[in-house]
Structures are given as C-alpha cells and as structure tokens.
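Reviewing the structure listed below.
Read-outs throughout are calculated quantities, based only on the coordinates presented, and are distinct from any laboratory measurement. This structure is a prediction, so every number in the text was calculated from the model and none was measured. Heads up, the Cβs are rebuilt from the backbone with ideal geometry, glycines too, and the neighbour counts pull from every protein chain shown.
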Amino acid sequence: MNSDGKDIRLGALKGKVVFINFWATWCLPCRMEMPGINKLKKSFKENGQIVFMTVDTDGDLTKSSQYMHRKNFDLDVFGLKSNLPEGFMPNMIPATFILNKNGDVVARVAGAMNYAKSDVRKSLERLMDE
C-alpha cells in the first residue's frame with residue numbers, strides 16, 4: 001500500500017516490467033541512489049510498460065513519502081501488507097529487483113547503484129521488447 005492508500009499486487013502487474021527498490025530513509029546508500037532512480041523513472045514517463053516502486057523498509061510510510069516529496073522525487077513509496085515470496089526480501093538495503101513481463105525476477109542488485117546510466121535504461125528497454 002502506498003501513502004495514498006493504493007494497493008498493488010505483483011501478480012496484477014504481469015505484462016509490465018517492474019522495478020522494485022527496497023530502501024529506508026536512514027540508509028545513506030539508499031538516499032544516494034534515489035536521484036538516479038528518479039531520473040530513470042522520468043526517462044520512461046510516457047511508457048506504460050514499466051512500473052517503478054520503492055518499498056519502505058522503515059515501517060514508516062509517512063516519513064518515507066515526506067522524504068520523497070521534500071526531495072521532489074516522483075517515486076511512489078509502498079509499504080508491505082503481506083509477506084513477500086520466499087527469497088524475495090533482501091537481506092540488505094538498498095536492494096533492487098527487476099521483474100520481466102511474466103513476473104519473473106531477472107535481476108537483483110544488492111547495494112547502491114547508479115541507475116541513471118544508459119546501460120540500465122537499455123536493459124529495461126530490452127525487457128519491454130520481449
């Protein structure tokens with residue numbers, strides 16, 4: 001559920017590429033990668049084939065949403081309402097998972113990364129073309 005009360009089930013996103021980032025406001029590497037994630041999302045603004053989700057691991061959705069607003073990031077923040085599938089919850093943050101259109105995890109990134117790099121965008125475009 002996001003701060004607007006909107007629920008999203010991963011199964012409902014089949015047919016789309018899904019970018020999921022687990023983070024926390026207290027995590028410096030998480031905060032450092034947010035500008036790149038925001039830039040990446042903006043580069044796909046007109047593309048309905050991809051969904052970007054940031055998942056608050058603080059358990060304080062209001063605080064995380066306020067952080068995004070304060071930084072002028074156009075990233076929806078979600079909290080978990082149920083358990084994630086086995087092997088999906090990261091054991092460290094930041095952690096990013098990319099799902100293909102079938103809902104399969106095709107990439108896992110543990111730790112901070114610069115998501116504004118062109119090769120990341122190209123990889124996501126290839127997934128959308130599959």
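Its residue count N fixes a reference of 2.2 N^0.38 Å for region 10-124, and the Cα radius of gyration divided by that reference is 0.99.
A Förster radius of 22 Å combined with the Cβ-Cβ distance from Glu125 to Asp74 puts the calculated FRET efficiency at roughly 0.65.
Length gained on full extension, Lys63 to Val106: 12.5 nm, using 0.36 nm per residue less the C-alpha separation.
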